[in-house]
Amino acid sequence: MILLFSDSTYITNDTTLTDVSSIANIVIAATSFGLAYYVFVYQKNKDRRDKATQQQKEQDDKIEATKLQEQNIRLQWFKELVIQPHLPDINNFYNQLHTLESQITTVTLLDQQKIDLTNFVKAEQSNLRKSFIDVLLGVNPTLYNEIKNNLDALIDSITTTIIDDGLNLTHKPTYEREIGSKIAYSRNDLISKVYNYKGTI
Amino acid sequence: MSNIKTINLQDYRTPGSRVFTGRDRGINVRNASKIDQLEAESDKVIIKIPEDIGSINPSFLEEFLNNVVNKLQPEAFFTKFEFENNGRYKIVNDLQEAVERILREETALVH
């Protein structure tokens with residue numbers, strides 16, 4: 001087709017096509033360069049973001065590991081300094097409360113007997129507070145309050161049963177229902193709370 | 001003549017009951033009796049314990065007396081407060097236990 005035109009036309013058309021080709025090459029090269037630059041910048045930013053995320057994760061993992069280690073240390077100290085030395089006190093407290101059954105020997109208790117029995121359980125609670133419960137206050141105030149509430153509820157319940165209710169506590173099922181089972185529940189609850197303590201402040 | 005105020009626990013007892021127990025009850029009686037206000041307005045406070053009472057537990061006393069014990073501290077508290085206690089039940093040990101508990105917790109909170 002080009003041969004049909006005059007020489008000048010041929011030259012003009014040839015020049016135009018060359019120019020178009022050159023421009024197209026420039027555009028393609030520029031686009032390729034732009035794309036390459038975009039990919040380079042994108043990748044660089046992505047690498048930076050990934051690195052920052054990785055560093056943050058490593059830092060979080062390190063903090064978590066430190067926390068866990070501190071928690072384990074606290075839990076170990078809690079076990080060795082608070083629980084193990086006072087296990088005999090806890091056992092003694094509940095065993096003493098169970099002696100109420102043998103101390104209640106008459107169907108109708110005299111007022112002075114009722115007062116003596118309640119003084120006995122309150123004295124036992126006071127002993128346990130001084131030897132064990134008060135230590136918890138410095139370890140974990142929440143645990144301290146939970147265990148104190150547990151013991152107060154038990155002692156208040158026994159006090160009310162002995163003083164107010166006028167029940168025949170020499171009758172074994174009645175004693176078990178009103179006092180024995182409550183002592184057992186309190187002990188289980190105390191053990192559960194101590195067992196579930198995770199060393200947190 | 002010193003200014004003396006009286007709180008009669010008879011006015012705050014649960015009908016039919018001969019015990020004062022529980023922290024909630026202690027807070028209720030503290031508010032109802034206005035013990036904190038009476039302490040601030042008087043030189044001496046007398047707390048009358050009904051003669052037929054069988055027990056006033058530390059759980060009750062701890063909340064009932066919490067503010068006045070913390071404010072006065074033990075020596076001034078025992079000087080300013082008098083317990084009229086003529087029945088079989090004697091409050092001394094339970095009162096001592098409650099005061100110790102209040103001070104123990106206060107000390108732990110401060111430190």
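The values are calculated or read from the model by the stated rules, or taken from the named source; none is laboratory data. All values derive from a computational prediction rather than experimental measurement. In this analysis, Cβ positions are derived from the backbone assuming ideal geometry, glycine residues included, and neighbour counts consider all displayed protein chains.
Hey, can you tell me all the residues within region A:105-118 that are of a type outside the set (D, E, K, R), more than 7 Å from chain B (Cβ to nearest Cβ) and assigned to a helix (DSSP H, G or I)?
Across region A:105-118, the qualifying residues are A:GLN113, A:LEU117.
Just need a number here: residues in region A:181-201 that are loosely packed, with under 14 Cβ neighbours inside 10 Å and among the basic types (Lys, Arg).
1
Please go through region A:170-201 and pick out each residue that is outside any helix (DSSP H, G or I), farther than 19 Å from A:LYS79 by Cβ and of a type in the set (Ser, Thr, Tyr).
Listed by number, the list holds a single entry, A:THR170.
Taking only region A:74-93 into account, find how many residues are farther than 16 Å from A:TYR195 by Cβ and modelled with pLDDT of 90 or more.
Going through region A:74-93 one residue at a time, the tally reaches 5.
Looking only at helices (runs of 4 or more DSSP H) that lie completely in region B:34-93, which have at least 1 residues being away from chain A (no Cβ under 14 Å)?
B:35-41, B:66-80
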